[in-house]
Amino acid sequence: MSQQPPLISLAKLQPLQDAVAAATLGLEKMAEKPSTDVVGPIGAVRFVVCGVGHIGRRHATLVSRQVGAELVALVDSRAELRTELEAEYGVPFFASLDDYLAHGPLADVLTIATPNYLHAPQAIAGLRRGLHVVVEKPIALHSADAEAIVRTAEQTGRLAFGVMQNRYSPPAAWLKQVYDEGRLGQIYLVQINCYWNRDARYYRSNSWKGTLAHDGGTLFTQFSHFVDLLYWVFGDIANITARFRDFNHAGITEFEDSGLVAFDLARGGSGTLQYSTAVWDRNLESSLTVIAEHGSLRIGGQYMDKVEYCHLRDYTLPVLAPTNPANNYGPYQGSAANHVQVIENVIDTVQNRSAATTNALEGLKVVEIIERIYKLKDS
């Protein structure tokens with residue numbers, strides 16, 4: 001196995017943490033003049049959605065139905081969608097973000113659901129025009145670009161949200177709760193398995209998917225939600241080793257379809273991440289197993305949608321709310337459809353009623369962890 005390159009130290013990230021906290025509290029002055037018509041505590045939060053594919057349509061539909069939100073415009077480079085989308089949503093359509101920023105109606109929030117490589121430049125453009133931004137995963141393909149989003153949010157006094165909707169799944173929220181309450185004690189082992197199907201039906205439907213420069217790789221596009229869950233609950237990782245294989249995607253993608261990653265948890269304990277998109281025909285599982293001082297647990301199902309095992313000292317598993325179904329994209333499926341909670345949190349945060357569930361700094365950390373794993377390919 002390859003050995004990991006040095007990780008980014010907490011000392012280096014501290015200025016970014018301070019910056020995000022300051023921006024969230026509204027303590028930073030605007031470096032560039034924002035829109036003067038800023039949402040107040042009562043008015044609806046106005047959204048423009050950039051990128052109207054599967055996920056972008058979900059954002060647009062949920063915003064248009066959400067109390068306290070208003071969809072004001074759609075942006076997509078496929079100009080042939082104009083008539084259909086304007087009729088469906090009743091808002092103006094723009095064929096580029098530049099065109100919207102120059103001529104579009106006022107908005108408060110720019111939602112970015114475009115191909116991965118466009119996330120960072122479009123987020124920065126929106127922030128510089130005084131918009132808060134909601135960025136689909138991954139927020140960037142390089143930690144330097146993710147850091148630029150954090151810096152720009154700090155400078156402009158605007159908020160940058162990452163979309164990590166798996167945090168809202170009841171089993172994930174439960175896991176975070178039992179960990180934070182100390183019910184697990186010392187963590188010994190964490191095992192994450194992600195075995196999905198992503199074959200030619202998926203990659204050949206879109207020209208950017210499967211390319212290293214535009215897609216980024218399997219961990220970025222398919223499994224960054226589970227890297228986020230690992231970091232959100234258990235913290236940073238170190239001493240990474242990894243092996244990568246391409247079993248059945250030659251000629252379809254420019255990167256691996258499977259990987260075996262081992263690591264130590266910075267807070268103590270060790271873990272593994274095993275992932276693959278080489279599963280035949282349909283997804284197999286996404287699971288997380290914890291072996292700890294005071295017991296063991298396992299979250300499983302195809303999308304970590306249920307608690308399959310829980311045996312903890314002096315603890316009875318409560319009845320959890322049902323998990324939302326997976327995002328359905330025809331021949332393949334994605335993670336749980338929890339985008340409505342993401343949108344609710346954006347509205348509440350913009351209107352100063354709560355804090356961001358996933359801020360840009362956390363999105364940066366996910367990108368940085370994946371980047372460290374992928375750098376092992378070259379060593």
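Rounded to two decimals, what ratio of Rg to Rh does the chain give with C-alpha atoms and a Kirkwood Rh?
Here Rg/Rh amounts to 0.96.
Once you place label points 7 Å from the Cα toward the Cβ at R243 and H142, how far apart are they in nm?
3.1 nm
Could you give the nm distance between label points at W208 and Y188, where each point is 7 Å from its Cα heading toward the beta carbon?
My value for the distance between the label points is 4.5 nm.
Using only Cα atoms, tell me the angle between helix 143-156 and the longest principal axis of the chain; keep it within 0 to 90° and round to the nearest 10.
The angle comes out at about 40 degrees.
With 25 Å as the cut-off, how large is the P(r) tail for the range 170-335, expressed as percent of Cα-Cα pairs?
The share of Cα pairs beyond 25 Å in the range 170-335 comes to 35 percent.
Taking 8 Å as the Cα distance limit and 6 or more residues as the minimum spacing, I'd like the relative contact order of the chain as a percentage. Walk me through the numbers before you get to the answer.
On the way: 801 pairs, mean separation 79.3, N = 379.
RCO, the chain: 21 percent.
In degrees from 0 to 90, rounded to the nearest 10, what is the angle of the helix 170-180 Cα long axis to the longest principal axis of the chain?
On a 0 to 90 degree scale, this one is about 70.
Restricting to lysines 8 or more places apart or on different chains, can you count the pairs in the chain with Cα atoms under 30 Å from each other?
The result is 27.
Residue-wise, which Karplus ³J(HN,Hα) couplings in Hz belong to the range 62-70, taking 6.51 cos²θ - 1.76 cosθ + 1.60, θ = phi - 60°, and x for glycine or proline?
Result, rounded to whole Hz: 5, 4, 5, 9, 7, 5, x, 10, 9.
I need the shape label for the range 56-204. Rule: rounded when a/c is under 1.5, else prolate if a/b > b/c, else oblate, with a, b, c from the alpha carbon gyration tensor.
Verdict is prolate for the range 56-204.
Using packing as a proxy for protection, rank 125-133, 100-108, 313-321, 247-255 so that the peptide with the highest average count of other Cβ atoms within 10 Å comes first.
Highest to lowest by the protection proxy: 125-133, 100-108, 247-255, 313-321.
Where does helix 119-128 land angle-wise versus the long Cα axis of the chain, in degrees 0 to 90, nearest 10?
Helix 119-128 and the main axis of the chain meet at about 40 degrees.
Once R0 is set to 30 Å, what does the formula 1/(1 + (r/R0)^6) return for the Cβ-Cβ distance between L317 and S96, expressed as a FRET efficiency to the nearest 0.05? All intermediate terms of the calculation are to be shown ahead of the outcome.
On the way: r = 50 Å, r/R0 = 1.68.
With a Förster radius of 30 Å, E is 0.05.
Mind putting a number on the dipole of the chain about its Cα centre? Charges go on the C-beta only, +1 for Lys and Arg and -1 for Asp and Glu, and I need it in Debye to the nearest 20.
220 debye
Return the sequence-ordered ³J(HN,Hα) values of the range 351-365 in whole Hz as given by the Karplus equation 6.51 cos²θ - 1.76 cosθ + 1.60 applied to θ = phi - 60°, using x for Gly and Pro.
8, 6, 9, 7, 9, 5, 5, 10, 8, 5, 5, 5, x, 4, 5
With θ taken as phi - 60° and the coefficients 6.51, -1.76 and 1.60, list the Karplus ³J(HN,Hα) couplings across the range 242-253 in order, rounded to whole Hz; mark glycine and proline as x.
Going residue by residue, I get 7, 10, 10, 9, 10, 7, 9, 10, 4, x, 10, 10 Hz, with x marking Gly and Pro.
Of all DSSP beta bridges located in the chain, what percent are antiparallel, nearest 5?
Bridges in the chain are about 60 percent antiparallel.
How big is the gap, in Å, between the Cα center of the range 221-257 and the Cα center of the range 94-132?
Cα centroid of the range 221-257 versus Cα centroid of the range 94-132: 29 Å apart.
Can you bin the range 334-379 into rounded, prolate or oblate? Criterion: square roots of the alpha carbon gyration tensor eigenvalues sorted a ≥ b ≥ c, rounded for a/c under 1.5, prolate for a/b above b/c, oblate for the rest.
Numbers: a/c = 6.55, a/b = 2.19, b/c = 3.00.
Oblate, because a/c is 1.5 or more while a/b does not exceed b/c.
Each reported figure results from applying straightforward, stated rules to the coordinates on display, with no laboratory input. Only a predicted model underlies this, so the values are computations on that prediction, with no experimental measurement involved. Please note: Cβ atoms are built from the backbone with ideal geometry, for glycine as well, and neighbour counts cover all protein chains shown.
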